Each structure stands twice: as C-alpha cells, then as structure tokens.
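Report on one structure; see the data block that follows.
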Amino acid sequence: MTAEPPMTAEQAVTPTNTGPTVTPPWCDRCGEAADAGDHAACWAARELEPPRFCARCRRRMKVQVVPAGWSAVCVEHGERRG
Amino acid sequence: MAEILDQARTQVLGNGVGLDEAGVLAVLTLPDEQLPAALQLAHEVRMRWCGPEVEVEGIVSLKTGGCPEDCHFCSQSGLFASPVRSVWLDIPSLVEAAKQTAATGATEFCIVAAVRGPDARLMKQMREGVAAIKAEVDIQVAASLGMLTQEQVDELVDMGVHRYNHNLETCRSYFPNVVTTHSWEERWETLRMVRESGMEVCCGGILGLGETVEQRAEFAAQLAELDPHEVPLNFLNPRPGTPLGDQPVVEGRDALRAIAAFRLAMPRTILRYAGGREITLGDLGTRDGLLGGVNAVIVGNYLTTLGRSATDDLKLLEELKMPVKALSATL
Ligand code: SF4
Ligand SMILES: [Zn+2]
Ligand SMILES: [Zn+2]
C-alpha cells in the first residue's frame, strides 16, 4: 500500500480530526522540528512506514498496523488513518 | 557454469538433497555473472520439489511493542529508544484483519505478539481471537508468540493453530551478538516442542544483521537441519532507535544470492519472502525472488512497517503464471 505522505502545513490548518488548528511543527517520523534539519530521508521512509509522532504536539502516537492499513492515535489530537 | 551449480543440478534438482554448509557458502560467494544461473537453478528446484503454487499469507500484530527482550534489530523491544509504543489489537479488529487477508486469496493468517513468551492474558486473547476468526473467516491460523512452555504448545494445538512461527533469526555463532536476553538454544527448544506437537514449524530469520557470509551459510545449514515446513526470509530494514539502526541494508545481489542458496539448501521448504524485500530489492526484487526459489509471500503490511500493495503482488503472480495455493490444497 502507499503510505499517506507526511502532513503538510495546509492539511494541518484544515484538519479532519479534532484539536487545535496549527501548522505542524514536528516531523511525524523522527519527531524532530520539521523546519530544522533535513527530513528527506524521513519523507522517503514514510512511503513504507506509518507516522510515529504527532506532527502537532510531538507526542509518540499509538500506532496499529493491519494488513490493509494503519491507524495512529495522539491522545490530544485524535486519530489519523492510512 | 560454476562447479557448485553443476553439483547442485545433480544433487538438489535431481535427487532432492539440499546443499551442505560448504555448498551454500560456494553459492553465496558466486561472482555476479553466475547469479542468473544460480537463480534459474533455484527456480527449477522449487518447481520440481514444491510446484508452481505460491502460498500467500497475511500477518498482524496482536500485541505491539514493549517487549522485554533485546533483539538488536527490533523496534518493538521496550529496551531501546524506538518510537514504537505498546498497543493491543482488539478482537473485532483482529477478525477484520483476517477478513482483509482472506480477501486477497491468502490461505494463511499469522497472529504475532511482541513478547518473550505468552502470559495468561495473551493466551486468553488468542483463544478468543482464534475462535472468532474460525467462526467467520475461511483461513488457516498461524501464531508467533515467542518462547512457549509445553502447556502453551498444547493449548495452541487445542485452539486449532496449525503452524507456529519462531525464528532463529541468525546462525548460532552470531546469535549472542544480536540477542543477549535469551539464547539460540532456548529458541531451538521451543521449536522442538512445536515440531513434536504436530503443528507445522515455521522458522527463518533476518539477513543483514552484520553476520559474515560464512555465518549466513552456517545459518542455512542450521535451518536445513531443523527442516522447517516454512522458512521466512527477512532482510534487515534498519529501525530508528535500535542498536542496528545504522546498519547498511543488504545489497540487492547479495539478497538474491541468499535466496538461491537457501533454496538449494532446502529444496522442499516453503521459502517465504518476508520483511525488507521492498527496501533491499525494490519493486523488481519480488519478481526476481519468485523466479529464483521463493514460493511464498507475505502480502500487505508487516507488523510495524508497510509492504507493497497486495494487488501488485497478486498481479505479478498472475503474470508469472504462478497460481495462489488454494485452501483445499493446504488442508
Ligand atoms: S522477542 Fe520478538 S518482539 Fe521481542 S525484541 Fe525480540 S524480536 Fe522483538
Ligand atoms: Zn524527520
Ligand atoms: Zn498530538
């Protein structure tokens, strides 16, 4: 399956899940600041990985991978699915 | 043609007797220009001793993360700074995952838990989960729950689990470099009990953990001695935060050499492409492997990472005229 690409600033401003609408400051793969350092490798890896960190608050999410998809839950910002 | 391939043509293809450790090492160290011939021979061996069918399996993690063991490749160990958090799958979602797997035509559904061995809670979840799947889904259930006691082996048989996966992961001589919280021999003991119980033994490992090519040959020989029904072959996908997080991935040609060599060591086993094929070999690798000795695939996602789409794999099987093994053929 194709992974959902990392959340863009645009998507975060109009999120489908609940929670405050802010620009995501964090890389959802490595959990580091999205605007600091190079996350090209993270983006490439995300093709074959679900997100691990909430892009909005940097919390580690509870991630369940199943054969045909995944879900990732942040206690504060709700669920993402792919 | 390399001498070892001539020998394998007679011994393995002709007589169905696998290569020994020295023979496997000779295949693993063949020059690049001999690789197509090795893959071709491994394919012929698979077709002769296993047939054209491909066994398709889906896997799911019933309990993810928080494992007390320290397998250095594993993102689910609770001992490393891995971002994988502990999570349990509920039974309705487990049944749904089995349905998704069956919908691809798969005959095998393997339930996996990140544990040293099962506790009472996990065994209860298994009992309920397996019963719920059997009531609703036409698929065979396998399990991978770590090291077992004899009572747990008997319980799994009683639940109707038909195959048990427990990987030796790597050869005996290298194992202490990869795992320090339990031994290779402890794993072997679980495999022995599984074998004696009548469940099918599924045992493989991961290549690219830093083992030498000699140790890869040692591993193939040790697996051949165990003679498992199925051997899942993984290639390390280095996981952030684990001790092997910076390990280089296995080079594509070395991965294909290993596939051919493992097939030539075990002419009759189900040799399954498991995790890491997408990273090591890219999209083309799946085809090369299926034409080089592999006769089983995991479709869809893995336990904590994602795989190629099941549709792509099934299309490829159709194109290669390799029928998906039917449930009736496995019963
Ligand atoms: S026992 Fe299994 S889940 Fe636990 S660390 Fe080792 S490989 Fe990972
Ligand atoms: Zn990153
Ligand atoms: Zn959050």
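The values are calculated or read from the model by the stated rules, or taken from the named source; none is laboratory data. In this text the structure is predicted, and so the values were computed from the model without any measurement. Here Cβ is always computed from backbone atoms with ideal geometry, including for glycine, and neighbour counts include all displayed protein chains. Keep in mind that these areas ignore ligands, DNA and RNA; they rest on the heavy atoms of the full protein, side chains included. Shrake-Rupley method; radii C 1.70, N 1.55, O 1.52, S 1.80 Å.
Just to be sure I understand, how many residues within region B:299-316 are open to solvent by 10 Å² or more (accessible area, probe 1.4 Å) and not in a loop (DSSP other than H, G, I, E, B)?
So the count comes out to 6.
Could you list, in sequence order, all residues of region B:58-84 that are in a strand (DSSP E or B) and either within 16 Å of ligand 3 (Cβ to nearest atom) or not hydrophobic (A, V, I, L, M, F, W, C) (or both)? Give the steps one after another, and end with the answer.
Here is the first cut: in region B:58-84, the ones in a strand (DSSP E or B) are B:58-64, B:67, B:77.
Residues satisfying the conditions are B:GLY58, B:SER61, B:LYS63, B:THR64, B:SER77.
If we only count strands (runs of 3 or more DSSP E) wholly inside region B:85-187, which ones have 2 or more residues that are closer than 26 Å to B:PHE73 by Cα and open to solvent by 40 Å² or more (accessible area, probe 1.4 Å)?
Counting at least 2 such residues, we get no strands (runs of 3 or more DSSP E) at all.
Of the conditions (1) touching a helix residue (DSSP H, G or I) at 6+ places or on another chain (Cβ under 6 Å); (2) over 14 Å from A:PRO67 (Cβ atoms); (3) within 13 Å of chain A (Cβ to nearest Cβ), B:VAL87 satisfies every one except a single condition; which number is it?
Status for B:VAL87: all satisfied but (1).
Need the failing condition index for B:GLU55 against (1) assigned to a strand (DSSP E or B); (2) without any contact (Cβ under 8 Å) to a residue 12 or more places away in the chain, just the number.
With respect to (1) assigned to a strand (DSSP E or B); (2) without any contact (Cβ under 8 Å) to a residue 12 or more places away in the chain, B:GLU55 is out only on (2).
Being surrounded by fewer than 17 Cβ atoms within 10 Å (Cβ to Cβ) and within 14 Å of chain A (Cβ to nearest Cβ) is the filter here, so list the residues in region B:47-72 that pass it.
Selection gives B:GLY66 alone.
Here is a list of conditions, (1) away from ligand 3 (no atom under 15 Å from the Cβ); (2) part of a loop (DSSP other than H, G, I, E, B), and A:CYS42 meets all of them except one; can you say which number that is?
(2)
To keep it simple, each residue is scored yes or no on (1) within 14 Å of ligand 2 (Cβ to nearest atom); (2) within 13 Å of another protein chain (Cβ to nearest Cβ); (3) modelled with pLDDT of 95 or more.
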residue	(1), (2), (3)
A:ALA9	no, no, no
A:ALA12	no, no, no
A:VAL22	no, no, no
A:CYS27	yes, yes, yes
A:ALA44	yes, yes, no
A:PHE53	yes, yes, yes
A:CYS57	no, no, yes
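Could you run through region B:192-213 and say how many residues are under 22 Å from B:PRO267 (Cβ atoms) and open to solvent by 30 Å² or more (accessible area, probe 1.4 Å)?
3
Name the single residue, out of those in region A:59-78 being open to solvent by 60 Å² or more (accessible area, probe 1.4 Å) and farther than 15 Å from B:LEU89 by Cβ, that is nearest to the other protein chains (Cβ to nearest Cβ).
If we take residues in region A:59-78 being open to solvent by 60 Å² or more (accessible area, probe 1.4 Å) and farther than 15 Å from B:LEU89 by Cβ, then A:ARG60 is nearest to the other protein chains (Cβ to nearest Cβ).
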